[in-house]
Each structure stands twice: as C-alpha cells, then as structure tokens.
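Below is one structure, written out as structure tokens, with a few remarks after it.
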Amino acid sequence: MIYQSFLDAKNNQKKKLAVLIDPDQVNIGNMDRLIHLASEAAVDYFFIGGSLIVNNMLDHCLISIKDRCNIPMLLFPGNSFQLSYKADGILFLSLISGRNPELLIGNHVIAAPFLKLSPLEIISTGYMLIDGGTPTTVSYMSNTNPIPSNKADIAVCTAIAGEMLGMKQIYMDAGSGAKNPISTTMIESVSGAINIPLIIGGGIRTPEKAYENAKAGADVIVIGNAFEKDPELVVDISAAIKELNQ
Ligand code: 1GP
C-alpha cells in the first residue's frame with residue numbers, strides 16, 4: 001500500500017520526495033534521462049497531473065514511466081477527466097481551502113463509480129491552496145481564493161477540520177510556479193496540529209528551501225517546475241531532504 005509508506009515515513013520521521021510530472025510539459029523523448037535522474041535521486045513518488053491537460057498524453061506518460069522504473073505513480077488530477085487505470089493510485093483531492101462545492105464533493109461523485117471499479121489505490125487528501133504571491137492556474141481554474149500566506153491560524157483550522165473529516169493526509173500547495181513557497185512558520189503550525197502526513201509543494205526550487213520545509217514539518221516535499229527546468233537539480237534536492245533521515 002502506497003499510503004502505508006506515507007504513514008511509515010511520518011511515524012519514523014523519514015522525509016520523502018515526490019516529483020510532479022505534468023503530462024503536457026514533459027518531453028517524452030527525454031524520458032530515459034528523466035527517469036534515470038529520478039532513480040539516481042531515489043525519488044519516492046511521481047505525482048502525475050496538471051490543472052489542464054490539453055494534449056491527451058496522460059496514458060502515454062504513465063506507460064512511459066512504468067516501463068522504466070518502479071517508482072509509484074499517483075494521479076494528481078486537476079479535474080475528473082484526468083483518470084487512468086495505468087497509475088498505481090490517486091490523490092483523491094478535496095479542495096478544503098476553497099468553497100467551491102464541485103471541488104469539495106461534486107467531481108468526486110462523478111468519479112466515484114469509475115474509481116470503485118479501478119485497481120487504483122484511493123488516498124483521500126485534503127488539498128489546501130496557499131497564496132504564493134502570484135495568481136495561479138489552480139486558483140483561476142478552481143474559482144477559489146487561496147488562504148493568505150500570513151494566516152497560519154486559518155491553515156491550521158482548515159487542516160484540523162480535514163483530519164476530523166477523515167482525510168488521510170493534507171497537501172498544502174502554493175501552486176505550481178509560485179513566487180513564494182509556503183513559509184516555514186505555516187508549515188510548523190500545521191504540522192504540529194495534525195497527526196496525518198503533510199505534503200508541501202509549490203515554488204520549491206532549491207535544495208535549501210526543500211530542506212527548510214522538510215525540517216519545519218513537511219513529510220513529503222513536491223517539486224514540479226524545478227524538475228522540468230533543470231532535471232539534474234532533483235539529485236541535490238533529494239540529498240538535502242534526506243540529510244534529515246540520517
Ligand atoms: C504544484 O506543488 C506542486 O501543485 C509543485 O509546484 O511546480 O512550483 O514545484 P512547482
């Protein structure tokens with residue numbers, strides 16, 4: 001079970017690294033090199049998805065990764081069209097920082113019968129969008145406002161509510177390409193308030209920031225843009241996070 005690995009990591013204070021692959025952005029011709037680097041960096045998970053996928057490359061991307069490595073692949077769907085049996089599991093996201101009923105429960109009802117029959121491991125995830133200093137695609141597409149970056153109390157209450165509602169983990173995201181990643185103050189506050197795994201992403205571009213965020217209480221660090229722009233960086237980012245695992 002993939003979720004068990006999240007839980008074990010949290011309980012044993014072992015930090016994990018996830019790489020977000022947007023099927024629209026990834027160069028499939030470059031896949032050998034990307035997977036080689038991800039394997040060398042001992043990446044723990046691939047998250048696969050994007051706010052919009054316009055090129056119909058999802059299955060192709062999943063197959064291409066699966067052919068080359070055993071790193072678990074979790075769908076990170078921007079909408080209910082981004083489902084595929086070719087992944088290993090799905091982050092079943094409820095956008096709990098927003099007040100858009102379609103993204104709290106509506107899309108889930110539509111996807112439920114497909115997922116029920118699927119072999120995918122379903123991991124219910126409270127997804128919280130935090131202001132990263134610039135309007136993001138996810139904020140526009142979801143028609144929701146992010147939580148202000150200096151309002152750690154709102155983030156804490158939202159995460160606690162998500163845990164009480166039975167969500168298995170919390171994903172706090174400043175959005176892909178965020179100018180400002182989530183502050184360590186907010187990560188510390190939220191991590192101290194919940195007992196479920198905490199995933200942090202959005203705008204993390206350096207090993208130092210990844211290390212800081214993991215130290216502040218992130219159980220899983222996600223990088224997307226940084227890997228797209230400079231894939232070799234994943235090796236240093238992974239080493240920085242895993243320094244905390246020794
Ligand atoms: C976005 O958290 C992910 O949902 C990753 O963000 O692309 O900015 O690394 P970046």
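Restricting region 224-236 to residues that are aliphatic (A, V, I, L, M) and in contact with a Leu (Cβ under 7 Å, 6 or more places away or on another chain), the residue that is nearest to the ligand (Cβ to nearest atom) is Ala226.
Scanning region 149-190 for residues that are polar (S, T, N, Q) and buried (at least 23 other Cβ atoms within 10 Å of the Cβ) yields one hit, Gln169. If you go through region 195-225 and keep only what is of a type in the set (Ser, Thr, Tyr) and more than 16 Å from Ala178 (Cα to Cα), you end up with just Tyr211.
Could you give me the residue pairs with C-beta distances under 8 Å whose first residue belongs to region 220-242 and is hydrophobic (A, V, I, L, M, F, W, C), whose second residue is part of a helix (DSSP H, G or I) and modelled with pLDDT under 95 wherever it lies, and which are 6+ apart or on separate chains? Note: pairs meeting the criteria are Val220/Ala9. Exactly one residue among Asn225, Asn213 is under 18 Å from Leu34 (Cβ atoms) and either at pLDDT 95 or above or under 16 Å from the mean Cα position of the chain (by Cα) (or both), and that residue is Asn225. Only a single criterion out of (1) more than 26 Å from Gln4 (Cα to Cα); (2) surrounded by fewer than 18 Cβ atoms within 10 Å (Cβ to Cβ) is not satisfied by Gly98, namely (2). For region 23-61, filtering for residues that are at positive phi and surrounded by fewer than 13 Cβ atoms within 10 Å (Cβ to Cβ) leaves 1.
Residues in region 153-199 that are among the β-branched types (Val, Ile, Thr) and under 17 Å from the mean Cα position of the chain (by Cα): Ile170, Ile182, Ile187, Val190, Ile196, Ile199.
In region 73-82, how many residues are over 13 Å from the mean Cα position of the chain (by Cα) and crowded, with 19+ Cβ neighbours inside 10 Å? The qualifying residues number 1.
Against the condition farther than 28 Å from Asn27 by Cβ and surrounded by fewer than 24 Cβ atoms within 10 Å (Cβ to Cβ), how does Leu244 come out, does it pass? Answer is yes for this residue.
Being buried (at least 22 other Cβ atoms within 10 Å of the Cβ) and of a type in the set (A, V, I, L, M) holds for only one residue in Ile122, Ile204, and it is Ile204.
The values are calculated or read from the model by the stated rules, or taken from the named source; none is laboratory data. Note that the structure is a prediction, hence the values are computed from the model and not measured. Reconstructed Cβ throughout: ideal geometry from the backbone, glycine too, with neighbour counts over all protein chains shown.
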